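J.: Below you will find the structure I want to go over with you.
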Amino acid sequence: MTFNTSSLKDSVHPDEWQLRTDLAACYRLVALYGWSDLVFTHISAKLPESMAGDGHQFLINPYGLMFDEITASSLVKVDMACNKLNDSPFPVNPAGFVIHSAVHEARPDAGCVLHTHTRAGVAVSAQKHGVLPISQQSTFVLASLAYHGYEGVAIRDEEKLRLQADLGSANYLMLRNHGLLTVGKTIADAFLSMYTFENTCRIQVDALAGQSNAADLTAVDPQILNGVATAMRVQTGGLGGAFVWPSLLRKLERESPDYKL
């Protein structure tokens, strides 16, 4: 289903329109892969300074729409406080932007922040040992993983400093008892990281379901973990998320092409 929204394609900068279509695609892909949580959680993308002036303008989902309903034109432009900056009939959720604003504030390199509440992600976030080095996928996550303790629903600004300190320079953040978060220079990077993070958690849940405890699982040799950065460059040709993004867009063209409206 697509909500009737006037297309913004001819009224925004071409670069903003490209960012809108990529972000709408990301929302649709999150829904397609089963990572959405009704209308909750967010994916935010930062507009470049050439369009935003101070560099503190973002695109985010209209609150109340399912992820498979979101289009390029329905995305809402907001500032760091999640105030709407464009004429939109849709509401936004400032409370839900607290985590995102904290990351964007501390990480100028964060072009996209993707947050999920998946079943596997929350399950592993509740396990004291966190992510275990038991799969190839986990080695990529462990190379840049941080943890943030649960402080209740993330609506308080005072939590932002602690979240920023915990995240540091990591690109994967496990929010204890809450879910998963990835940081990417681009939307494609954030999505590919979340794909890897989510599969890491699914594999771990499945592996633990077949064993009495984590000690019964075979861990990856620590020396292998040290070569992960090189392995990632080989695996993606040094292009990161851009390597797989075109194929994902082709998948959307077949299954959900109205994301570009």
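J.: If you bin the C-alpha pair distances of the chain every 10 Å from 0, what whole percents do you get?
T.: Spelled out bin by bin, the chain gives 7, 31, 36, 20, 5, 1 percent.
J.: Shifting gears a bit: Per-residue ellipticity at 222 nm for the chain, helices alone: DSSP H runs ≥ 4 residues times -39500 (n - 2.57), over residue total, nearest 500 deg cm²/dmol?
T.: Per the formula, -11500 deg cm²/dmol.
J.: Subtracting the Cα-Cα distance from 0.36 nm times the residue separation, let me have the gained length for Ala123 to Arg156 in nm, one decimal.
T.: Extending this stretch completely gives an extra 9.5 nm.
J.: If you take the beta carbon distance between Val244 and Lys9 as r and set R0 to 30 Å, what does 1/(1 + (r/R0)^6) give as a FRET efficiency, to the nearest 0.05?
T.: 0.75
J.: Take the alpha carbon gyration tensor of the range 93-135, find the square roots of its eigenvalues, order them as a ≥ b ≥ c, and report rounded if a/c is under 1.5; if not, report prolate when a/b exceeds b/c, else oblate.
T.: Cα axes put the range 93-135 in the prolate bin.
J.: Once both labels are modelled 7 Å past Cα along the beta-carbon direction, what's the His56-Thr218 spacing in nm?
T.: Result: 5.2 nm between the two label points.
J.: Name the aspartates and glutamates eligible as straight-distance cross-link partners of Lys9: C-alpha to C-alpha under 19 Å, and not fewer than 8 places from it in the same chain.
T.: Hits, sequence-local ones excluded: Asp22, Glu69, Asp87, Glu253, Asp258.
J.: Still on this structure, please answer the following. Classify the range 105-156 as rounded, prolate or oblate from the Cα gyration tensor: take a ≥ b ≥ c as the square roots of its eigenvalues, call it rounded if a/c is under 1.5, otherwise prolate when a/b beats b/c and oblate if not.
T.: Judged from the Cα gyration tensor, the range 105-156 comes out oblate (a/c at least 1.5, b/c at or above a/b).
J.: On C-alpha positions alone, give me the angle between the axis of helix 245-255 and the longest principal axis of the chain, in degrees, nearest 10.
T.: Computed tilt is about 70 degrees.
J.: Per residue of the range 6-16, in order, report the coupling 6.51 cos²θ - 1.76 cosθ + 1.60 (Karplus, θ = phi - 60°) as ³J(HN,Hα) in whole Hz, putting x for Gly and Pro.
T.: 4, 5, 9, 4, 8, 10, 10, 4, x, 5, 5
J.: OK, next. Which of Ser169, Trp35, Leu23 sits closest to the plus end of the dipole of the range 14-255, meaning its Cα is farthest towards the positive end, when Lys and Arg get +1 and Asp and Glu get -1 on the C-beta?
T.: Of Ser169, Trp35, Leu23, it is Trp35.
J.: Please turn the phi angles of the range 71-88 into ³J(HN,Hα) values with the Karplus equation 6.51 cos²θ - 1.76 cosθ + 1.60 (θ = phi - 60°), one per residue in order, whole Hz, x for glycine and proline.
T.: So the J values, rounded to whole Hz, are 10, 4, 7, 7, 4, 10, 8, 9, 9, 5, 9, 6, 7, 5, 10, 10, 6, 9.
J.: Something else now. Explain nothing, just compute: Karplus ³J(HN,Hα) = 6.51 cos²θ - 1.76 cosθ + 1.60, θ = phi - 60°, for every residue of the range 138-155 in order, whole Hz, x for Gly and Pro.
T.: Computed from phi, the couplings for the range 138-155 are 5, 5, 5, 5, 5, 5, 8, 10, 10, 10, 10, x, 6, 10, x, 4, 7, 10 Hz.
J.: Also, I was wondering about something else. With Cβ to Cβ distances under 12 Å as the rule, what net charge do the other residues near Leu161 carry (K, R +1; D, E -1)?
T.: Here the count lands on -3.
J.: Please list, in chain and number order, the residues 5+ apart from Gly130 or on another chain whose amide H is under 5 Å from its amide H, with Hs placed from the backbone.
T.: For Gly130, whose amide H was placed from the backbone, there are no distant partners under 5 Å.
Bear in mind that the values in this text are calculations on the coordinates, not laboratory data. What you see is a predicted model; the values in this text were computed from it and never measured. FYI the Cβ positions are ideal-geometry reconstructions off the backbone, even for glycines, and counts take in every protein chain you see.
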